[in-house]
Amino acid sequence: MRNSLLFSLLLMGYLLCGCEKQGRYDIFPLKTGNEFYYSYSSSRFTGISAYSRGNETWQVVSESTQGNSITYLIERTLNGFSVALGDTTKIIDSRSMLQVVENKSSSAISLWGFTFKRYQDESHLELFAQGYSSGPSLTCVFKADSGMTKYYYYHPPNQIFQESYYLDSLKILP
């Protein structure tokens, strides 16, 4: 009797936790080991023109739970080149980290000032922050089971800066 009650409670808990996800699209599949491969470019115009091009890999290297949130740590590795004043510099394994925080109870993700649900009824999500003549603009596009497929950042006026990422491929673990 005790075993069947325990089994029933576990099954109900599993089903209740799965309801949020069932029949919905995972807009940003965050799991340790998942990798996202992007084409990267940036340009800066500050009297002197400079730009960078290359490929950047994002790998989810860890996830940690604290209270009601899960923090995913993403290691970003850039390989490419940078050109400034006619000089070209190779960029080899330039690493940085990105944190993505998800609220466990609502599946809301916080990233770059946006908050959105990880599990969506629609397979496509576009986030947009409109800048004006002196403020930055930011666009992010997410697609089901692919994560972020496009990122575009533009910052005027005196130091015009543009940065973009386009998803080339990904490796999602089962």
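Would you please list the contacts, defined by Cβ atoms under 7 Å and residues six or more apart or on different chains, that run from a residue in the range 88-102 that is more than 13 Å from Glu56 (Cα to Cα) to a residue that is charged (D, E, K, R) and outside any strand (DSSP E or B)?
Partner pairs satisfying both residue conditions: Glu102/Arg118.
Has the range 67-78 got at least one residue that is on the phi < 0 side of the Ramachandran plot and assigned to a loop (DSSP other than H, G, I, E, B)?
Yes, some residue in the range 67-78 is on the phi < 0 side of the Ramachandran plot and assigned to a loop (DSSP other than H, G, I, E, B).
Among the residues of the range 42-63, which ones are surrounded by fewer than 17 Cβ atoms within 10 Å (Cβ to Cβ), among the small types (Gly, Ala, Ser) and in a strand (DSSP E or B)?
Ser43, Ser49, Ala50, Ser62
Please specify each residue of the range 154-172 satisfying the condition of being in contact with a strand residue (DSSP E or B) (Cβ under 9 Å, 6 or more places away or on another chain), in a loop (DSSP other than H, G, I, E, B) and surrounded by fewer than 16 Cβ atoms within 10 Å (Cβ to Cβ). Spell out how you get there, then give the answer.
The initial filter retains those residues of the range 154-172 that are in contact with a strand residue (DSSP E or B) (Cβ under 9 Å, 6 or more places away or on another chain), namely 154-156, 159-172.
Checking the rest, the ones that are also in a loop (DSSP other than H, G, I, E, B) come to 156, 159, 172.
Correct list: Gln159, Ile172.
Take the range 122-153 and flag every residue that is surrounded by fewer than 16 Cβ atoms within 10 Å (Cβ to Cβ) and in contact with a Lys or Arg (Cβ under 6 Å, 6 or more places away or on another chain).
Within the range 122-153, His124 is the sole residue that qualifies.
Among the residues that make up the range 11-20, is at least one of them part of a loop (DSSP other than H, G, I, E, B), within 24 Å of Ser106 (Cβ to Cβ) and at pLDDT 95 or above? Quick ask: steps written out before the conclusion?
As a first pass, look at the range 11-20 and keep what is part of a loop (DSSP other than H, G, I, E, B): 20.
Adding the requirement that they be within 24 Å of Ser106 (Cβ to Cβ) leaves 20.
Imposing the further condition that a residue be at pLDDT 95 or above reduces the set to none.
For the range 11-20, residues part of a loop (DSSP other than H, G, I, E, B), within 24 Å of Ser106 (Cβ to Cβ) and at pLDDT 95 or above: absent.
Which one of these is more than 20 Å from the chain's Cα centre (by Cα) and farther than 22 Å from Ser41 by Cβ: Ser64, Ser134, Ser110, Ser106?
Values: Ser64 fails: more than 20 Å from the chain's Cα centre (by Cα); Ser110 fails: more than 20 Å from the chain's Cα centre (by Cα); Ser106 fails: more than 20 Å from the chain's Cα centre (by Cα).
The match here is Ser134.
Are any residues in the range 96-136 assigned to a loop (DSSP other than H, G, I, E, B) and aromatic (Phe, Trp, Tyr), and if so, which ones?
Across the range 96-136, the qualifying residues are Trp112, Tyr132.
The values are calculated or read from the model by the stated rules, or taken from the named source; none is laboratory data. Keep in mind it's a predicted model, so treat the numbers as computed, not measured. For neighbour counting, all protein chains shown are included, and Cβ atoms are generated from backbone atoms with ideal geometry for every residue, glycine included.
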